[in-house]
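For reference, the structure discussed in these notes is given below.
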Amino acid sequence: SLVMKYSDGSELDELWELAVDDPSLRPAVEAGLVEQKHLAPKAVWIQRLSEDPYSVATVDLNLAVRGLQPLASTSEAEEVLLRVLHDDRLDYSTRLEGARSLAGQTQGLEEHAARLLAGQLSGRELLASELLSQHDSAETEQLMRQVLARNFRPAQIQAFRWLRIHRPQVALALVPDYIAHPDSSLRLEVAAALDQDTAPESLRTQGGLLA
C-alpha cells in the first residue's frame, strides 16, 4: 500500500496532512495508518466518533474505532469507545469493533459486559464476549458461562474457548452439555478441551466425538 512505502513517523504524519482533506486519497491512507497503528489521525477519529457519528459512513466509523485501539487504556479514548459500545443507534459492526478495541483493557470492563447482557440488542452476547476476551477474573467466568448458556452460536464458541483456556476444568465439566452441539466450530472447541485432558475416559470421549 501507499502507506507501507513510508517507514518514518514524520513522513507518515506528512502523508496524513496531505490526505486528510482529499476525498480520493484519505480512505486508503487512513486505512494504512490504522494497519500500521500510527496515530496521526487521532484527533479526527475522536471528533468523528464524538460530534455526530450518525452522519458518518459506517466504514469510516469502523476505521476510527480500530484506529483508537492502541489508545484504549487512555481516559479520552476509553470514554469514546465505551460510548460507541453502548450506543444503540450505531451499526452493530461499529459496536463490535468498539468491543474489540476495548478488549485489551485490564480491568473494569466486566460491568459493561453485564450491562450489555442485560439489554435487548440481538447479538449482545458477542459484544460481551469480545469485550472480555482478554480478561481473567471470577466475574468474567460467570459472564462467559452466562453467554455460553444462551443460544447465540458465535458468542458460545468464544465463551467456551475462553473457559477452555482460562478454566479448563470448568470446560471439561461442560463437555457433556456441548459434545453433540449442532455447531461444528463449538464441537471443535469441545474436542480441544478434551485434548487438554489426558485421562483415559477423556481420550475415549474425544475419539467418539471426532469419529
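The values are calculated or read from the model by the stated rules, or taken from the named source; none is laboratory data. These numbers were taken from a predicted model, which means no experiment stands behind them. All Cβ positions, glycine included, derive from the backbone under ideal geometry; neighbour counts span all protein chains shown. Note: areas computed on protein heavy atoms with side chains; ligands, DNA, RNA excluded. Shrake-Rupley method; radii C 1.70, N 1.55, O 1.52, S 1.80 Å.
Computed quantities for the displayed model
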| read-out | value |
| --- | --- |
| Hits in the range 134-152 (condition: without any contact (Cβ under 8 Å) to a residue 24 or more places away in the chain and either crowded, with 18+ Cβ neighbours inside 10 Å or closer than 25 Å to residue 66 by Cα (or both)) | 144 |
| Count - residues of the range 90-113 that are open to solvent by 30 Å² or more (accessible area, probe 1.4 Å), at pLDDT 95 or above and part of a loop (DSSP other than H, G, I, E, B) | 1 |
| Candidate set from the range 151-200 (those that are assigned to a loop (DSSP other than H, G, I, E, B) and β-branched (Val, Ile, Thr)); member that is modelled with the lowest pLDDT | 198 |
| Residue within the range 12-31 that is in a helix (DSSP H, G or I), under 24 Å from residue 126 (Cα atoms) and under 20 Å from the mean Cα position of the chain (by Cα) present | no |
| Which listed residue, of 148, 121, is assigned to a helix (DSSP H, G or I), farther than 18 Å from residue 102 by Cα and within 18 Å of the chain's Cα centre (by Cα) | 148 |
| Condition met for residue 39 (assigned to a helix (DSSP H, G or I), in contact (Cβ under 8 Å) with a residue 24 or more places away in the chain, surrounded by 12 or more Cβ atoms within 10 Å (Cβ to Cβ) and of a type in the set (A, V, I, L, M)) | no |
| Test: residue in the range 64-86 that is β-branched (Val, Ile, Thr), touching a residue at least 12 places away in the same chain (Cβ under 8 Å) and either surrounded by fewer than 18 Cβ atoms within 10 Å (Cβ to Cβ) or over 28 Å from residue 114 (Cα atoms) (or both) | no |
| Any chance residue 59 is on the phi < 0 side of the Ramachandran plot, surrounded by fewer than 16 Cβ atoms within 10 Å (Cβ to Cβ) and among the hydrophobic types (A, V, I, L, M, F, W, C) | yes |
| Matching entry among 131, 126 (being modelled with pLDDT of 95 or more, within 19 Å of residue 68 (Cβ to Cβ), in contact with a helix residue (DSSP H, G or I) (Cβ under 8 Å, 6 or more places away or on another chain) and of a type in the set (A, V, I, L, M, F, W, C)) | 131 |
